[in-house]
Amino acid sequence: MSKTALITGVTGQDGAYLSQLLLEKGYTVYGLMRRSASQEFLTERLKWIGVLDEVNLIHGDLLDLSSLIHVINEVKPDEVYNLAAQTFVHTSFDQPLLTAQVTGVGATNMLEAVRLAAPGAKFYQASSSEMFGKAQTGVMQSETTPFYPRSPYAAAKLYAHWITVNYRESYQMHASCGILFNHESPLRGIEFVTRKVTDAVARIKLGQAKTLELGNLDARRDWGHARDYVRGMWMMLQQPTPDDYVLATGRTVTVRDMTKAAFDHVGLNWEDHVNISNRLFRPAEVDFLLGDPSKAKAKLGWEPTIGLEEMIGEMVDADLERRRQAGDARARVPA
Ligand code: NAP
Ligand code: F7E
């Protein structure tokens, strides 16, 4: 009999790739989404990746425990992937309490709903490399590296991480945390730096823009592809015992070099177009992230397959296509 999965955050980047993966594996997939007046806008990623008609969308909100219990009772999932969160670090400084509620307490709401309504279900919590925060420069971060969050987002994720570990130890739930380093794709939100850059490169190449404003170019990130990382999430829940795993590429690159790679892809010189804006710097920065995925490799057999340059190229090409189509659509609108 086919397995049933419930994905919270199904309208986000990882929700789309994970839905696609689970459908390919024969799962029945339910996706939790918030009700919105712009419903069709929210499902754009699922549509882009070609799974919108196959995912069963069901309304609920991480802030509303009763809605989550209702959903779990209805779906009776074998596996629950808790991907929903307020995910943008910069916004978490402006909305720290909302971030604490959704990204932190929201995870407890999901765990409670599962514990009460489907205690045998396997549970995945989307933990983040941001939890390492002020890490030692030059040293790789693994499952045993101490955490030092540097934003309201990271502090909320740290609470969600430990409450998941606590539910595992207190109630013997099959609950695992994936400590995932930055992962991107053509479906990445446009406010995140990779997608902001690839979209700007496309507009500049097509003559629709001239410049791009960025903040801290010296920050280093370990960037992988979302398609690889959702496979790791699934692998964690196929293990006989729950555990926590780092997923990363083991390579760190500055925002400057990632930006250069994107401009190089279309034959432009990044220095001719990029301006630095103070308003894009954060009150506290995470300067250096570099993950050690050896445990995931040894225990899950997981390895990333897509490198940074290939991924950035895919993202620039997808943005060129989108911007061309948007330009054509505007051209068709009568003046
Ligand atoms: P994303 O694209 O920003 O998607 C976030 C999802 O959460 C959206 O579907 C959003 O719904 C949903 N959501 C927000 N508030 C909600 C609420 N109150 N109730 C129900 N749903 C809510 O994020 P992502 O990049 O796919 O990341 C997936 C998860 O992995 C997140 O938890 C993120 O923090 C974590 N993570 C991501 C990365 C990364 O590099 N991408 C790395 C480590 C960890 P709407 O569409 O309605 O806004
Ligand atoms: O920033 C710098 C910025 O917003 C990356 C989320 O998925 O990954 C993500 O968090 C770096 C930072 O991602 C701009 O200061 C410079 O150092 O793309 P980002 P993030 O903050 O690393 C983790 C793992 C998550 O869990 C999060 O949910 O780039 N940067 N100039 C900029 N960043 C942005 N957004 N915009 C700029 O103009």
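The values are calculated or read from the model by the stated rules, or taken from the named source; none is laboratory data. Worth saying up front: this structure is predicted, and the values here are computed from it rather than measured. Ideal geometry is used to build each Cβ from the backbone, glycine not excepted, and the neighbour counts take in all protein chains shown. Calculation scope for accessible area: heavy atoms of the full protein, side chains included, ligands and nucleic acids excluded. Shrake-Rupley method; radii C 1.70, N 1.55, O 1.52, S 1.80 Å.
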> Does any residue of the stretch 164-183 turn out to be in contact with a Gly (Cβ under 8 Å, 6 or more places away or on another chain) and open to solvent by 50 Å² or more (accessible area, probe 1.4 Å)?
Replying inline: no
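Residue by residue, here is whether (1) under 28 Å from HIS265 (Cα atoms); (2) in contact with a strand residue (DSSP E or B) (Cβ under 8 Å, 6 or more places away or on another chain); (3) within 13 Å of ligand 1 (Cβ to nearest atom) holds:
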position: SER176; (1), (2), (3): no, yes, no
position: GLU191; (1), (2), (3): yes, no, yes
position: ILE204; (1), (2), (3): yes, yes, no
position: LYS210; (1), (2), (3): yes, no, no
position: ARG220; (1), (2), (3): yes, yes, no
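Residues are listed down the side, and each one gets a yes or a no for (1) more than 16 Å from ligand 2 (Cβ to nearest atom); (2) without any contact (Cβ under 8 Å) to a residue 40 or more places away in the chain; (3) under 17 Å from LYS122 (Cα atoms):
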site: LYS3; (1), (2), (3): yes, no, yes
site: ILE7; (1), (2), (3): yes, no, yes
site: LEU18; (1), (2), (3): no, no, yes
site: LEU42; (1), (2), (3): yes, yes, no
site: LYS47; (1), (2), (3): yes, yes, no
site: VAL55; (1), (2), (3): yes, no, no
> Restricting attention to the stretch 287-313, and to residues there that are touching a Phe, Trp or Tyr at 6+ places or on another chain (Cβ under 8 Å) and of a type in the set (Lys, Arg), which single residue is least open to solvent (accessible area, probe 1.4 Å)?
Replying inline: LYS295
> Can you tell me which residue in the stretch 114-135 is nearest to ligand 1 (Cβ to nearest atom), limited to those that are outside any strand (DSSP E or B) and among the hydrophobic types (A, V, I, L, M, F, W, C)?
Replying inline: MET131
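Per-residue answers, yes or no, for (1) touching a Ser or Thr at 6+ places or on another chain (Cβ under 8 Å); (2) of a type in the set (Lys, Arg); (3) closer than 30 Å to MET173 by Cα:
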position	(1), (2), (3)
TRP234	no, no, yes
GLN239	yes, no, yes
VAL246	yes, no, yes
ALA262	yes, no, no
>> touching a Leu at 6+ places or on another chain (Cβ under 8 Å) and open to solvent by less than 20 Å² (accessible area, probe 1.4 Å): which single residue out of VAL139, VAL80, VAL114, VAL89 fits that description?
In response: VAL80
> Across the stretch 35-59, which residue is most open to solvent (accessible area, probe 1.4 Å) among those that are in a strand (DSSP E or B) and within 12 Å of ligand 1 (Cβ to nearest atom)?
Replying inline: HIS59
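Are any residues in the stretch 267-286 out of contact with any Ser or Thr (no Cβ under 6 Å at 6 or more places or on another chain) and surrounded by 16 or more Cβ atoms within 10 Å (Cβ to Cβ), and if so, which ones?
VAL274, GLU285, VAL286, listed by residue number.
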> Restricting the search to the stretch 60-97, which residues are within 11 Å of ligand 1 (Cβ to nearest atom) and of a type in the set (A, V, I, L, M, F, W, C)?
Replying inline: LEU62, LEU63, LEU68, VAL71, LEU83, ALA84, ALA85, PHE88, VAL89
